[in-house]
Amino acid sequence: MIVEHDGPAGFNLSDMKEVRVEDDTTVVIELENPNAAFLGYLAWYGTFIVAEHVYDDSNWDSGTTIEPIGTGPFVFDEHTSGVSINLLANEEYFGHVPEVPSLVFSITADQDTKMQAFYNGEIDILGTAPPSSEIASLEENEDYVIERRVWPSREYIFF
């Protein structure tokens with residue numbers, strides 16, 4: 001258990017007293033004190049349950065960080081550094097199996113290249129906001145949908 005980890009976000013798990021595996025799909029976490037924020041801490045992108053073989057592997061160049069494991073609707077297929085990350089539908093997913101067989105996340109650093117690929121239909125979704133110079137033309141074209149959202153987030157400054 002990583003509770004002893006003294007990293008900058010270690011306080012998120014400081015109320016954990018014990019973690020027990022009840023069965024193949026159930027983990028019980030006992031807290032020292034009531035903590036209404038604890039479920040939120042577990043949902044944070046830096047707090048998750050990691051397979052024991054990954055945690056115990058002290059060689060971080062071993063491939064466990066390049067070939068991730070997971071239990072979500074998609075599973076890792078391939079990573080080409082600086083080019084793409086490919087995922088396949090997880091046929092064993094406990095929820096609704098995805099209707100698309102795969103996802104490809106293209107890595108494009110240059111905004112102009114990314115926008116041209118979008119306009120050419122080579123990519124379906126922009127993972128980041130388009131350049132402000134493109135927003136007006138995107139809004140005028142009924143083929144495109146721009147959604148503006150306010151996302152809950154937390155920011156930290158650690159000293």
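Along region 25-30 the Karplus relation, 6.51 cos²θ - 1.76 cosθ + 1.60 evaluated at θ = phi - 60°, assigns HN-Hα couplings of 10, 10, 10, 10, 10, 9 Hz to successive residues, with x for each Gly and Pro.
In terms of other Cβ atoms within 10 Å, 20, 149 run from fewest to most in the order 149, 20.
With the simple model of a label 7 Å out from the Cα in the direction of the Cβ, residue 119 to residue 78 spans 3.0 nm.
Each reported figure results from applying straightforward, stated rules to the coordinates on display, with no laboratory input. This one's a predicted model, so the numbers in the text were calculated from it and none came from an experiment. All Cβ positions, glycine included, derive from the backbone under ideal geometry; neighbour counts span all protein chains shown.
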